[in-house]
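The values are calculated or read from the model by the stated rules, or taken from the named source; none is laboratory data. Please read all numbers here as calculations on a predicted model, not as lab measurements. FYI the Cβ positions are ideal-geometry reconstructions off the backbone, even for glycines, and counts take in every protein chain you see.
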2 protein chains.
Amino acid sequence: MTKTNPEESPTSKWISYRPEIKILDCTLRDGGLMNAHRFDDEVVRAVYSACVDAGIDYMEIGYINSRRIFSPADHGSWKYCQEDDIRRIVGENDTPLKLSVMADAEKSDYRSDILPCDQSVLDMVRVATYIHQIPSALDMVKDANDKGYETTVNLMAISTVNDRELDEALEMLSKSEVGTIYIVDSFGSLYSEQTHFLLEKYLRYAQSSGKRVGMHAHNNQQLAFANTIEAIIKGADVLDATMAGLGRGAGNCPLERLVGFLHNPKFHLRPILQCVQQYIEPLREELMWGFDTPYMLTGLLNQHPRAAMEFNASNDRGDIVKFLDLISEEE
Amino acid sequence: MTKTNPEESPTSKWISYRPEIKILDCTLRDGGLMNAHRFDDEVVRAVYSACVDAGIDYMEIGYINSRRIFSPADHGSWKYCQEDDIRRIVGENDTPLKLSVMADAEKSDYRSDILPCDQSVLDMVRVATYIHQIPSALDMVKDANDKGYETTVNLMAISTVNDRELDEALEMLSKSEVGTIYIVDSFGSLYSEQTHFLLEKYLRYAQSSGKRVGMHAHNNQQLAFANTIEAIIKGADVLDATMAGLGRGAGNCPLERLVGFLHNPKFHLRPILQCVQQYIEPLREELMWGFDTPYMLTGLLNQHPRAAMEFNASNDRGDIVKFLDLISEEE
């Protein structure tokens, strides 16, 4: 693993590791999309403790989105991540684990809701953006950077972005204050060669401007873990994963598989398996995330998993031929 | 996909296809390891029909193993694949689908049980062998080749074979009558770089002797589909897959995902999804195949999935921390 220079003997890299690789756990943030961010404090505390014990680098606790746009009547605390809520779980977070929140472009009151970093237990603000929102995202990055936070830009639905626009976006991002630029395969649609192509492109812009590249994969085609490995091989240094893959639709790269793969001895598998067994798997019946054939079909067709999520929530769940016919018609 | 020459533009290969790529469905053969090859005729007939309708190249119906070694009291028909049983399902098999059986080295009465090809509806004999059984396997290949069959050698547990012995085996195989040499990741333990390494090695021997390379992946780390794609990229031309991934333990590369990925218009997804929905998924509760964390742990440790299969059949199923502690102790 972790080969970046093809000149080196490959075997020399299968059992060593690249110390600069960081893991970001986004179990609660991405998983919250399956329950409107209504997690019991006990679960949030368990995920936090497991991340600390497992040596994870960053934990994303939720969104810091607008209470005007997303009604508090319809969402739990972790859609807003107010300082008091976070501190109720982590206290002063006197641990090496850094805490992150995600703000959606055009859906966050970031100027008022994000405190100066020295008044917050948060360490990083990640901005989620579609390609057409890049100017808004850059304003959010500047705001967070000025307040003292580490920052990332997570460019979503990358499998639908055309090459010409992506180059322009990466040019803009490389000149911004952002620390890490993320590939986000929202539709779980990428194959390894496409992942390589994107990594090489991102790195051309990122390396010359001293930024890191991150990978956020979805499991619609059961390739989230595989594509995360491909991103590592090509030089991504920040990797998103979630416990038991908990996340929207087919879910994410499973944290336990990523930690199993990486050889940095600072990471520990057992606390993650404990949390998965005791707190995450018991949520599966209600939250219903994870790979299945309708997600494979949306991934294959490079579509948002929305149609598969709706189908799986209907009485037709399991009738995969009907779903195939349905999305083939829509094409 | 299907890139073999890195000089070419990668995008030119993402939507085209390599017509020489063949798919072998081994749903009944590998899946039979989960029910002692006791499938109802209705299921066998449904898999056969789906393979024909989907444009699959080969279907493996079961093993042709010894009735002395494997008692017929404990196994269904598809452990032995006698001609009358096969013909009860496929008649004269007047279709483009070729039929295959697998014979285990040292566990098959191949001289007597395998008829001359012109007296059989079978087209191919695949020999499954461990590295130390290669001389026996070569005798079986010669027998099948002399009888008129296409042949493969499936070298199992490849992740445990040392490099020096593998070179010797490949040298012997390249000089034999065998048509296709298979990489078999029995433990589901390979990552993409190891898959590339093995493919390059196999191809060095195979190409100079006019043989094909095949890939048979297991899903212990949820990388069966990903590794099959990597094998395609590196030049494997014969790919094993099973419907819904049905196969031993964590199962195999799912046929529906492979057919979705390949762009050859001769392959059709819908008949496979129909068979999966109507005949394969209903077996899941009884046969209990498919990815879960204990398989991930055996894959990670490059161990046979036996311990995970036993654990999943016990009352401890679900206690993944206990299983972690168990196999860590055994190390």
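General remarks:
- Among residues of the range A:24-43, those that are polar (S, T, N, Q) and out of contact with any Ser or Thr (no Cβ under 8 Å at 6 or more places or on another chain), counted: 1
- In the set (1) under 25 Å from B:Val276 (Cα atoms); (2) more than 13 Å from chain A (Cβ to nearest Cβ); (3) not in a helix (DSSP H, G or I), the condition left unmet by B:Gly290 is number (2).
Listed here are the residues, each with its yes/no results for (1) within 14 Å of chain B (Cβ to nearest Cβ); (2) without any contact (Cβ under 8 Å) to a residue 40 or more places away in the chain; (3) buried (at least 24 other Cβ atoms within 10 Å of the Cβ).
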| residue | (1), (2), (3) |
| --- | --- |
| A:Gln194 | yes, yes, no |
| A:Arg204 | no, yes, no |
| A:His216 | no, no, yes |
| A:Ala224 | yes, yes, yes |
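- Among the residues here, B:Leu246 qualifies as under 28 Å from B:Val161 (Cβ atoms), more than 13 Å from chain A (Cβ to nearest Cβ) and at pLDDT 95 or above.
- Unmet requirement for B:Leu297, which otherwise passes all of (1) within 13 Å of chain A (Cβ to nearest Cβ); (2) surrounded by 18 or more Cβ atoms within 10 Å (Cβ to Cβ); (3) within 21 Å of B:Gly31 (Cβ to Cβ): (3)
- Hits in the range B:145-167 (condition: among the small types (Gly, Ala, Ser) and touching a residue at least 40 places away in the same chain (Cβ under 8 Å)): B:Ala157, B:Ser159
- In the condition set (1) crowded, with 24+ Cβ neighbours inside 10 Å; (2) over 25 Å from B:Asp40 (Cβ atoms), B:Pro265 is compliant with all but (1).
- Options B:Leu300, B:Leu324: the member that is touching a residue at least 24 places away in the same chain (Cβ under 8 Å), touching a Phe, Trp or Tyr at 6+ places or on another chain (Cβ under 9 Å) and not aromatic (Phe, Trp, Tyr): B:Leu300
- Within the range B:266-277, the presence of at least one residue that is in a loop (DSSP other than H, G, I, E, B) and more than 12 Å from chain A (Cβ to nearest Cβ) is confirmed.
- So B:Leu138, is it of a type in the set (A, V, I, L, M), within 16 Å of B:Leu28 (Cβ to Cβ) and either surrounded by 19 or more Cβ atoms within 10 Å (Cβ to Cβ) or in contact (Cβ under 8 Å) with a residue 40 or more places away in the chain (or both): no
- Screening the range B:305-320 for residues that are within 11 Å of another protein chain (Cβ to nearest Cβ) and surrounded by fewer than 19 Cβ atoms within 10 Å (Cβ to Cβ) and picking the one that is farthest from A:Gln274 (Cα to Cα) gives B:Gly318.
- Scanning the range A:253-265 for residues that are out of contact with any helix residue (DSSP H, G or I) (no Cβ under 7 Å at 6 or more places or on another chain), more than 8 Å from chain B (Cβ to nearest Cβ), over 22 Å from B:Gly318 (Cβ atoms) and aliphatic (A, V, I, L, M) turns up at least one hit.
- Among the residues of the range B:233-246, those identified as part of a helix (DSSP H, G or I) and either of a type in the set (Phe, Trp, Tyr) or surrounded by fewer than 24 Cβ atoms within 10 Å (Cβ to Cβ) (or both) are B:Ile233, B:Lys234.
- Subset of the range A:254-263 [at pLDDT 95 or above and either more than 20 Å from the chain's Cα centre (by Cα) or of a type in the set (Asp, Glu) (or both)]: A:Glu256
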